[in-house]
Structure formats: structure tokens, C-alpha cells
1. Could you rank the peptides 170-181, 27-38 by their average count of other C-beta atoms within 10 Å per residue, with the highest value first?
2. Sorted by mean Cβ packing within 10 Å, highest first, what order do the peptides 59-68, 94-103 take?
3. Sort the range 2-199 into rounded, prolate or oblate with this rule: let a ≥ b ≥ c be the square roots of the eigenvalues of the Cα gyration tensor; rounded if a/c is under 1.5, and if a/c is not under 1.5, prolate when a/b is larger than b/c, oblate otherwise.
4. Just tell me which aspartates and glutamates come within less than 17 Å, Cα to Cα, of K19; anything on the same chain fewer than 8 places away is out.
5. Using the basic label-point model (7 angstrom from Cα toward the beta carbon), what is the R28 to S158 distance in nanometres?
6. What does the C-alpha gyration tensor say about the overall shape of the range 133-209? Classify as rounded when a/c is under 1.5, otherwise prolate if a/b is larger than b/c, or oblate.
7. Would you mind putting 83-90, 113-120 in packing order, based on average other-beta-carbon counts within 10 Å, highest first?
Amino acid sequence: MQDAAHHALTAQCDAATQKLPHGWRWGRLDDVIKRIESGHSPRCLERPAESDEKAVIKTSAITRGRFLEDENKAVPAGTLLKEQHEIKAGDILLCRANSLDHVGATVHVTECRPGLYLSDKSLRLVPNTGIDDRWLVSLLAAPYVRAEMARRSNGTLSSMRNITQTNLQDIPIPIAPLHDQVRLGRQATQCRHAADHLRLRVQKALESSALLRRALADAASAGRIMSPASSSPPQVEIALRLPPQPSVPNDGDWTARQVHTPWMAADQHSRNVLPVQLELEL
């Protein structure tokens, strides 16, 4: 979903000479940006900030596909930070220095806690009037633009590349009319939110799978998994085998009684799990 939205934003272009749809034009990133603001990195503590502390973001706050405000480093109390470096909701942030895969990574800040500031490895892009910010931030994540950022970055090591503001502003981009910017920006945002929702569902499924695997391992080590007879249908029976229970002496007021569990009380059908179902759960 994200790739489809990103490709739509650049009209399937892979070179600045490619023909664009009617009404579109080629320009430079500088044509849609009013200014670029850089941050500062003071001496920081080696831990995230508490809710009442000021902090500077790490590059990982930008490079994960969405803004992660918890990826920060606390600054000591009394450290002077410039007010214009504080991050606000609506900001477009770009990582100017990182590995080859992450240099130029861009996020749109939808919400942000107070007291969080730009670092010297992060930039704030302020779009021109008449430029849709959702379109711009999605355009900067499109494959063509990301490839241009990587190509124009400097550095001898692939693990640490840097893109200057001049090289960033000079990147050729396909500029859509405003009505197309609004439409494409809205579609890209919807795709990104849907992808985030799917990512959370997958994460929960993986966590459930890990719990089930541990439960099966525990059951196997305790001898509570029984294989069916060869004449039985192809299925796996998981049953709870309790160790022998000590008998309760009958002294008149007490009567011996058998210990039952809800699992053992369940009917046979509820304790039979088809291999396909078990495999899907795993």
C-alpha cells in the first residue's frame, strides 16, 4: 500500500527527463520549500527524557517511517535550547545524516510532546504557501526522490552519509497541481495509516504466536501432548494429564473427592485441534 501511494506521487518516473501527466511540471525541491531549518545537539544524557524534561531527538525518531517522540536523549537541567528548534505538530522533519538507506528519511509530525528539540542531524522543511504538506512529505518518501537523496549524499562510509541543504534543494522533482497534491497527499496518508494498522495487527499476531509456541513447548515437556491412535482421523489431540492426586482421608467429616479441571471437563471435540488450524495459530 505504501509503495503504490509513493509511485503515484512521482508518476512512475525514474529520471528528470521523463514526460509527466498534463498539468504537472519538473522543478527542484527548492521550488516548493520556503526554508530549511537545522537543529543543534547540546551535551545530552545517555537516557530518554522523562515527561517533564527537555530532550533532543535521535535520528531513529525519523527513520522508522513515522515520528517516534520517545526516541530522544534527555538534556541536563539548565541547558539553554533555542525556542525555534522546538518540534511542533505539523512539522516535516528530514534526517540529513545516517546510513545510505536512511539518509534523507522524512516524517510528518502529527503530534509531539512539549520540550522536544531538533538535533544537528535533523532538518525541518517549511513548505511554500500553496503546497500541500501531506503531498510533500509523501513525495520525499517516494522511490525516485529517495534514490536521488542517496546519490547526492556525501561520505566515505555507507554507514554514515550526509546530504547538504544545497544538494537537497537541488533535487529535481515532479510538481503536481494543487488539486492533485491534495488528492495524492490524502491517498498517501490513508495508505500509510492503513499500513500502520496492519503492522500493529501483525505484531499482535506474532506476540500471540510466541505465547502459543511457549505453551506448546511447556505442554510437551510436561507430557501433556498425546498423539492419536493410527486409526484416528488426522488430527492432534492436546489434553491435560494431571499427576496422580493424593487421596483425601475419609475421617467422617471429609469425603474423598476427585479433582477436575475445566480442561478435563471439556468434551472430546473441544480438545481436538486440526493440524491446519494448529499450523495457522503457530
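Read the figures in this text as sums done on the coordinates, not as results from a lab. Note that the coordinates shown come from a computational prediction; the quantities given were computed from them, not determined experimentally. Note: ideal-geometry Cβ built from the backbone for every residue, glycine included; neighbour counts use all protein chains shown.
1. 170-181, 27-38
2. Highest to lowest by the protection proxy: 94-103, 59-68.
3. Taking the square roots of the gyration eigenvalues as a ≥ b ≥ c, the range 2-199 is prolate.
4. D180
5. Modelled inter-label distance: 3.0 nm.
6. oblate
7. By packing density, highest mean first, the sequence is 113-120, 83-90.
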